[in-house]
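Reading through the structure tokens given below for one structure.
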């Protein structure tokens, strides 16, 4: 079992709006990083387990299929990511996601979000 790290408690009632927003951004970033790390760990475990039984993950689960996926074509690789939440990605095809539209409107460049 994983040992849980303890941290000093934060009295959010005494924080200013700016401090709360900064804290929220840090928490969202931490969640995205942990989610990515755990997803990658699980993918590795699944690939190792499949390999020990003589399979590949793609043999067991198949390719990408879903809404808008053409037969035999993958959905594409993410080329852009939201810096505040790395799990928000965009392949560069189709409609731009709202998080990207907002930042472009504020003067950011598309290259700022390249992975």
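Hey, residue 37 hits all of (1) part of a loop (DSSP other than H, G, I, E, B); (2) farther than 17 Å from residue 114 by Cβ; (3) at pLDDT 85 or above but one; which does it fall short on? For residue 37, the exception is condition (1). Among 20, 49, 104, which is modelled with pLDDT of 90 or more, over 17 Å from the mean Cα position of the chain (by Cα) and under 21 Å from residue 115 (Cβ atoms)? Just one listed residue meets the conditions, 104. Total residues in the stretch 91-101 satisfying the condition of being assigned to a loop (DSSP other than H, G, I, E, B) and within 18 Å of the chain's Cα centre (by Cα): the figure is 5. Within the stretch 62-89, how many residues are at pLDDT 90 or above and touching a helix residue (DSSP H, G or I) at 6+ places or on another chain (Cβ under 7 Å)? Total satisfying the criteria: 3.
The values are calculated or read from the model by the stated rules, or taken from the named source; none is laboratory data. Keep in mind the model is a prediction, meaning the values are calculated, not measured. When we count neighbours, we look across all protein chains shown, and the Cβ atoms used for this are built from the backbone with ideal geometry, even at glycine.
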